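The next block holds one structure in the form of structure tokens; read it before the comments.
The values are calculated or read from the model by the stated rules, or taken from the named source; none is laboratory data. The shown structure was predicted, so the numbers you read here are calculated from the model rather than taken from an experiment. Every residue, glycine among them, receives a Cβ derived from its backbone with ideal geometry; neighbour counts consider all protein chains shown. Side chains included, ligands, DNA and RNA excluded: accessible areas come from the protein's heavy atoms. Shrake-Rupley method; radii C 1.70, N 1.55, O 1.52, S 1.80 Å.
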Number of protein chains: 4
Amino acid sequence: MPSKPKLRIGLIGSGFMGKAHVFGFASAPKVFDLPYDIELHTLADITMEAATAAANAFGFHSATDNWRALVDNPEIDVIDITAPNALHKEMALAAIAAGKHVYCEKPLAPLASDAIEMADAAEKAGVKTQVGFNYLCNPMLAFAREMIASGELGEIRGYRGIHCEDYMADATSPYTFRHDPAGGGALADIGSHALATAEHLLGPIAEVMGDCVTSIHERPDGKGGTRKIEVDDIGRAFVRFENGASGSIEGNWIATGRKMQHDFEVFGSKGALAFSQEHFNVLHFYSTADAKGLQGFRRIEAGPDHTPYGRFCVAPGHQLGFNDLKAIEVAGYVSALAGQGDEPFNFRKGAHIQGLVETIQASSSERSWRKV
Amino acid sequence: MPSKPKLRIGLIGSGFMGKAHVFGFASAPKVFDLPYDIELHTLADITMEAATAAANAFGFHSATDNWRALVDNPEIDVIDITAPNALHKEMALAAIAAGKHVYCEKPLAPLASDAIEMADAAEKAGVKTQVGFNYLCNPMLAFAREMIASGELGEIRGYRGIHCEDYMADATSPYTFRHDPAGGGALADIGSHALATAEHLLGPIAEVMGDCVTSIHERPDGKGGTRKIEVDDIGRAFVRFENGASGSIEGNWIATGRKMQHDFEVFGSKGALAFSQEHFNVLHFYSTADAKGLQGFRRIEAGPDHTPYGRFCVAPGHQLGFNDLKAIEVAGYVSALAGQGDEPFNFRKGAHIQGLVETIQASSSERSWRKV
Amino acid sequence: MPSKPKLRIGLIGSGFMGKAHVFGFASAPKVFDLPYDIELHTLADITMEAATAAANAFGFHSATDNWRALVDNPEIDVIDITAPNALHKEMALAAIAAGKHVYCEKPLAPLASDAIEMADAAEKAGVKTQVGFNYLCNPMLAFAREMIASGELGEIRGYRGIHCEDYMADATSPYTFRHDPAGGGALADIGSHALATAEHLLGPIAEVMGDCVTSIHERPDGKGGTRKIEVDDIGRAFVRFENGASGSIEGNWIATGRKMQHDFEVFGSKGALAFSQEHFNVLHFYSTADAKGLQGFRRIEAGPDHTPYGRFCVAPGHQLGFNDLKAIEVAGYVSALAGQGDEPFNFRKGAHIQGLVETIQASSSERSWRKV
Amino acid sequence: MPSKPKLRIGLIGSGFMGKAHVFGFASAPKVFDLPYDIELHTLADITMEAATAAANAFGFHSATDNWRALVDNPEIDVIDITAPNALHKEMALAAIAAGKHVYCEKPLAPLASDAIEMADAAEKAGVKTQVGFNYLCNPMLAFAREMIASGELGEIRGYRGIHCEDYMADATSPYTFRHDPAGGGALADIGSHALATAEHLLGPIAEVMGDCVTSIHERPDGKGGTRKIEVDDIGRAFVRFENGASGSIEGNWIATGRKMQHDFEVFGSKGALAFSQEHFNVLHFYSTADAKGLQGFRRIEAGPDHTPYGRFCVAPGHQLGFNDLKAIEVAGYVSALAGQGDEPFNFRKGAHIQGLVETIQASSSERSWRKV
């Protein structure tokens, strides 16, 4: 049979996000008509044993414990980085230097300045990049964005966006790299998703006032002692959008009971939207154009009218899952590699979100508003 | 038949809130075993015609167009003020001077300084006062407060409280007294409810950072022209509670589609609560003490276990209405007048909430944090 | 002041429903502009002591332990019966014989034949009657009924109606009059509400197939022994409406966890409605006329557009309570007494619902369909 | 690298369900540690052109327009049938005769007698079979089943199960094979899912009373005329389970507005469960063991505690999608092929559900109860 050109993937890391990327690579070609045949080429991990086990489990041809060899391998087209955050920059710069396209989990690096350096390098080298902001790949978010852009809600006035989970709510859970002063904290870890969604829907944020709070002041260090925590458990911000709307953002990883509260409400002069990631196949829409007495938030269920839902299922209401969002993310990137559209979320955008996070953190420290 | 001492009410004003007070006076004695027989004595309104019509409709014995006569009438025990806000102070001070107990709708006066003067006068005169913060009378809020106080949620860490409606979302709706620079705006009008609920549950707020935004910059003046709007359509605040918790507040009267979004979430180390006034007979409770795999927010429906619900209905789930909250408010006040407990929400507390509103407004103007 | 003619009420019984009626009598005149002044005249209960205590608590002028005296008292216009079901018939017939209007809690009598006798007597005597089907007084149900009648949903095809609670789910709760073979069981007690709502919305039921099931076969008799239970804990029915639609009904008093699941869904060719009494101020409406991609159930919150909500509150979303429905019920009846419209739900209708219940029970026993 | 034995798949059909199967084959090996390497060997469709296009899109090695050749190909281990229902039997029997394992979409055949013949043949030949009842693969359903089996809900008393969609609600949508008197109708098409879920949770149904209703009596025949419809648009049943519980079932494909209302409630003596496929990552649980005043339905979100959710995602609340259920279905079958456990849902079970459907239909026609 005739076949498409190959797109050979080299994956670094095989944890939670590594696995999610592999799910995306596996299902994207079945769901979408991609311009390339994706080949899972080589998987790199910290030991040969771990790499081999993961390569077998995930269906890669070969394994390595030397990520530099993987990066330099001329048979590989795309370097996919899901290693710990602290290593992202070194790996990505090496891959860019080797002329590879780079797909990297968020955050690109602990500091925004590093992320900017990465974006600069990629642009200079002319390679295409992608950061894993998967929530943005939800068909209902794309639909919400179009509704806002088309004026369906009228003039946008107010916004509330949050991303709250409880994975750090237990004060006896130990210190991890997510608590590192450089790049750590709830705002950076998940508040960044709330910021990305806000800008995805309403456009650029122009000014912020931050309120980053540490609630749990020390955690076990894993060696029998404790370690002081300096990063925020709750990161809040007032925001002003360039379009004139005002809003608020909250990232919170000690929100007891909340598992996936990535929610927003947008209020316009002619309508409103409400969304919760807890039921991410649903978008609630209120229109002032509805007849008097019959107005109310409509519970719109995702279906083939909401691209690209129909690729996954011809019937509405069946629901996409978290990993399906990853497939959409992969498909967008692979298409961009073939020149079909922009990357869904490239290093420049990733660096921008990290800059926003740092601006909010600085605003919080200085207790004053800051321009972005 | 033997009978209780009478409590004779003089009501000033017969609009929305006047009617709600009358509902409360009518049903409270049937629901509760009050220490007094409530007598609807005299109703004052701006013309004799309006006063007479309302007195007939509401069941008052007599009517007057002279509120001063009503205040001075020795046959009246309680002066209930539901006249326009700008008149509250003059009326309340006159009533206090006449030795009457005073029940007054919120806000007590346009400015907090006036409200403090009113509270001072009442305390000096030894009369008992009440401000109409009816949301606080909800049995589920009392229950939430007890849960928090008893430690059921552990250490309280985070709070999110909002009161959003859309009654000012239409930019063509005209300028009203609610838009007056003195005492007007969404934060004062409904954000004050969010603040009252927050302090009711978690105790005093110690510090605030405000963000008060005007979205609709002019409105019809009702005379064919337009009038500039200076008050906030959305009033936000970061808050610090004295107990160490941090949180956020939003009052918003241009929240298209929202009719009664007086909602909160409280996150503690051992549990969480979530509440929406849209279904105010329900409280959602998450406990980390529940078994693994079986944890989740519980939808607790109001019932006889939640005092004083059982006074209204012996069966759970039947639901109280808005006017029932007013009956609870009235019952609390009438009991306090007989020396049974404190007033549910007296002038001192009302003045305090107005002070909080002004502190947030000032913080917003200065763009800096403020101690309360 | 000028005053309306008096409507003097004599109440028999002072339990849960007696209290609810008094709430209705107290608030209806404040909420509505009734044609009469309601006077709570005399309250009858089984002992003078109980009657006097209740009369004082509820605000009746006098008390009696002789209901026959109350029925014969020429000063009384309406006899309101909230005594145990088994006594309804005797009391109502006596009141009718005395030329009184009669307001009676449901069920009118244990057997439909008795209820028909009561309806016949009332019609013959020309007195006006009312049965307390308060759920039907919900503004959102009136609104739903109008929508259906106006063709907003197109041709009606399918219906699902339930009334499930859990007050009999505990097998150790003792035998009560509700378990009496004559007139007892879940279908009669609460399934009757589901039937009344179904016919209120869609019109007469023409044919039924019943399935009445006893799940708890014996209960404590309150004397240390047990007593066999013969009535249904769950009563189901398939139904055919005269308009051609088909549907199902369930009454269930052992529905663990459910407090007020009086719910329905109506499916038409052009739209659908979904409702739950758990949030009875909300009606969900789906319209196939909405734009493609934007279709979904709308959550319509009760407001002034939904008569008579505006009588209680000028702002939408504030919510009526269970006792407010009783006020609407009272207002409808009092208006009917003055010749303004029909009684909301008279003895004839009450007898009809009891007939439906018995037809379903008979169908279940015979295991075959039955015409109504 | 070492590798697992291959499992070579031959797929017949490439429509909605064919694609869903391919999604399952693609992701199952990434998510689970399967005993085989799955190889997408050959795809058969009605023309060589269609087969080739689908084979390319889905990643099969080869294509054919001759399903018999595919069935007889000794290189193929499993025949996966997603062709039109009317062809299932012939294809499956041929595959079984060729000694192949057979995976077949539901329904196995238009008539239960055919399905039984297929199950008999498979058992006689010793091949392993699977029918695609994917809703049963939901981790929350497995969890619900365990809760019921472990006695967490006490004695099970009542059940309500429905599967309602609206894909046939438009009377102008044309006649299709789903309207064929043999095997057609809403009860067979989707009510069968409600029946499968009911038995999955509570065990065998012993007796039924059916109510199958045709609401739309004719549809366009696609040739400019109309065709009479004889199958049910709504199929209801009362059911008795062998465990003594009673319940009801509804399958409805004209339920305007409903896209995926595969819902159930189970009521036991000690607790209850409520579930909606509209949010299939959530299970609601009520326990009478919760403290007084704190009882309520808990909203349990799917997470790693609910096997095999953790295979897809290490964090709770992220949500599986419809196609993930297919991956679980595939994994169960592939494991069974290696002797690890039973098939999730084999031909015998599939034939049993079809028998239930036919019993209900017969009961409806005869208007009388029927033993299963």
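Just one of (1) more than 30 Å from C:GLY321 (Cα to Cα); (2) out of contact with any Gly (no Cβ under 7 Å at 6 or more places or on another chain); (3) open to solvent by less than 30 Å² (accessible area, probe 1.4 Å); (4) of a type in the set (Val, Ile, Thr) fails for C:VAL231. It is (2). How about the range A:28-46: which of its residues are in contact with a Leu (Cβ under 6 Å, 6 or more places away or on another chain) and open to solvent by less than 20 Å² (accessible area, probe 1.4 Å)? Scanning the range A:28-46 gives A:THR42, A:LEU43, A:ALA44. Screening A:PRO29 with (1) touching a strand residue (DSSP E or B) at 6+ places or on another chain (Cβ under 7 Å); (2) more than 7 Å from chain D (Cβ to nearest Cβ) gives one miss only, at (2).
Do you know which residues across the range B:47-77 are acidic (Asp, Glu), open to solvent by 60 Å² or more (accessible area, probe 1.4 Å) and either out of contact with any strand residue (DSSP E or B) (no Cβ under 8 Å at 6 or more places or on another chain) or in contact (Cβ under 8 Å) with a residue 24 or more places away in the chain (or both)?
Within the range B:47-77, the first condition is being acidic (Asp, Glu), and the residues that meet it are B:49, B:65, B:72, B:75, B:77.
Applying the additional criterion that residues be open to solvent by 60 Å² or more (accessible area, probe 1.4 Å) yields B:49, B:65, B:72, B:75.
Those that are acidic (Asp, Glu), open to solvent by 60 Å² or more (accessible area, probe 1.4 Å) and either out of contact with any strand residue (DSSP E or B) (no Cβ under 8 Å at 6 or more places or on another chain) or in contact (Cβ under 8 Å) with a residue 24 or more places away in the chain (or both): B:GLU49, B:ASP72, B:GLU75.
Only one of these is free of Cβ contacts under 8 Å to residues at least 40 places away in the same chain, crowded, with 20+ Cβ neighbours inside 10 Å and among the hydroxyl-bearing types (Ser, Thr, Tyr): D:TYR286, D:TYR309. Name it.
It is D:TYR286.
Exactly one residue out of A:ALA182, A:ALA206, A:ALA255 is hydrophobic (A, V, I, L, M, F, W, C), under 24 Å from A:GLU366 (Cβ atoms) and modelled with pLDDT of 95 or more, and it is A:ALA206.
Restricting B:GLU242, B:GLU207, B:GLU265, B:GLU218 to residues that are open to solvent by 10 Å² or more (accessible area, probe 1.4 Å), in the same structural domain as B:ALA144 (by TED's automatic domain parsing) and touching a Pro at 6+ places or on another chain (Cβ under 7 Å) narrows the list to B:GLU242.
Residues checked against (1) of a type outside the set (Phe, Trp, Tyr); (2) buried (at least 23 other Cβ atoms within 10 Å of the Cβ):
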| residue | (1), (2) |
| --- | --- |
| A:ARG145 | yes, no |
| A:CYS164 | yes, yes |
| A:TYR167 | no, no |
| A:ALA171 | yes, no |
| A:ALA182 | yes, no |
| A:ILE190 | yes, yes |
| A:ARG236 | yes, yes |
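Criterion applied to D:LYS100, D:LYS89 was being touching a strand residue (DSSP E or B) at 6+ places or on another chain (Cβ under 7 Å), more than 10 Å from every other protein chain (Cβ to nearest Cβ) and either without any contact (Cβ under 8 Å) to a residue 12 or more places away in the chain or of a type outside the set (A, V, I, L, M, F, W, C) (or both), and the one residue passing it is D:LYS100.
Where in the range B:209-307 are the strands (runs of 3 or more DSSP E), entirely inside, with at least 2 residues that are small (Gly, Ala, Ser)? Quick ask: steps written out before the conclusion?
Numbers: elements: B:218-220, B:226-228, B:234-241, B:246-252, B:261-268, B:271-276, B:282-287, B:297-301.
Correct list: B:234-241, B:246-252, B:271-276.
Is it the case that the range B:321-338 has a residue that's modelled with pLDDT of 95 or more, within 14 Å of chain C (Cβ to nearest Cβ), buried (at least 23 other Cβ atoms within 10 Å of the Cβ) and not in a helix (DSSP H, G or I)? There is at least one residue in the range B:321-338 that is modelled with pLDDT of 95 or more, within 14 Å of chain C (Cβ to nearest Cβ), buried (at least 23 other Cβ atoms within 10 Å of the Cβ) and not in a helix (DSSP H, G or I).
Results for (1) away from chain A (no Cβ under 14 Å); (2) within 23 Å of the chain's Cα centre (by Cα), shown as yes or no for each residue.
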residue: B:PHE143; (1), (2): yes, yes
residue: B:ALA186; (1), (2): no, yes
residue: B:GLY203; (1), (2): yes, yes
residue: B:ARG219; (1), (2): no, no
residue: B:ASP232; (1), (2): no, yes
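Contact annotation: residue pairs with Cβ atoms under 7 Å, 6 or more positions apart or on different chains, pairing a residue in the range D:353-372 that is outside the structural domain of D:ALA182 (by TED's automatic domain parsing) with a partner that is open to solvent by 50 Å² or more (accessible area, probe 1.4 Å), are D:LEU356/D:VAL372; D:THR359/D:ARG370; D:THR359/D:VAL372; D:ALA362/D:ARG370; D:SER363/D:ARG370; D:SER368/C:ARG367; D:TRP369/C:ARG367.
Name the one entry in C:ALA182, C:ALA237 that is hydrophobic (A, V, I, L, M, F, W, C) and out of contact with any Ser or Thr (no Cβ under 8 Å at 6 or more places or on another chain). Please lay out each step first, then the result.
On the way: C:ALA237 fails: out of contact with any Ser or Thr (no Cβ under 8 Å at 6 or more places or on another chain).
Going through C:ALA182, C:ALA237 in turn, just one is hydrophobic (A, V, I, L, M, F, W, C) and out of contact with any Ser or Thr (no Cβ under 8 Å at 6 or more places or on another chain): C:ALA182.
When residues of the range B:299-317 are filtered for being within 7 Å of another protein chain (Cβ to nearest Cβ), in contact with a Leu (Cβ under 7 Å, 6 or more places away or on another chain) and under 30 Å from D:GLY303 (Cβ atoms), how many remain? Of the residues in that region, 1 qualify.
Among the residues making up the range B:219-268, those that are of a type in the set (Gly, Ala, Ser) and in contact with a helix residue (DSSP H, G or I) (Cβ under 7 Å, 6 or more places away or on another chain) are B:GLY235, B:ALA237, B:ALA245, B:GLY247, B:GLY251. Do we have B:ALA121 as farther than 18 Å from B:GLU329 by Cβ, among the small types (Gly, Ala, Ser) and at pLDDT 95 or above here? Yes: the conditions hold for B:ALA121.
Within the range C:279-304, the set of residues being among the charged types (D, E, K, R) and out of contact with any helix residue (DSSP H, G or I) (no Cβ under 8 Å at 6 or more places or on another chain) comprises C:ASP290, C:LYS292, C:ARG298, C:ARG299.
Before we move on, is A:ASP324 over 22 Å from A:ILE116 (Cα atoms) and within 19 Å of the chain's Cα centre (by Cα)?
Working: over 22 Å from A:ILE116 (Cα atoms): yes; within 19 Å of the chain's Cα centre (by Cα): yes.
Yes; evaluated as a whole, the condition is true for this residue.
Is it the case, given these coordinates, that D:GLU358 is open to solvent by 10 Å² or more (accessible area, probe 1.4 Å) and at the interface with another protein chain (Cβ under 9 Å from one of its Cβ atoms)? Taking the combined requirement at face value, the residue does not satisfy it. Go through (1) touching a helix residue (DSSP H, G or I) at 6+ places or on another chain (Cβ under 6 Å); (2) without any contact (Cβ under 8 Å) to a residue 24 or more places away in the chain; (3) surrounded by fewer than 21 Cβ atoms within 10 Å (Cβ to Cβ); (4) not aliphatic (A, V, I, L, M) for A:SER276 and report which single condition fails. Answer for A:SER276: the failing condition is (1).
If you go through the range A:55-70 and keep only what is over 12 Å from A:HIS41 (Cβ atoms), in contact with a helix residue (DSSP H, G or I) (Cβ under 8 Å, 6 or more places away or on another chain) and at pLDDT 95 or above, you end up with A:ASP65, A:TRP67, A:ARG68.
The residues of the range C:124-134 that are at pLDDT 95 or above and in a helix (DSSP H, G or I), listed by number, are C:LYS124, C:ALA125. In summary, D:HIS101 fulfils each of the numbered conditions (1) open to solvent by less than 40 Å² (accessible area, probe 1.4 Å); (2) touching a Lys or Arg at 6+ places or on another chain (Cβ under 6 Å) with the single exception of condition (1).
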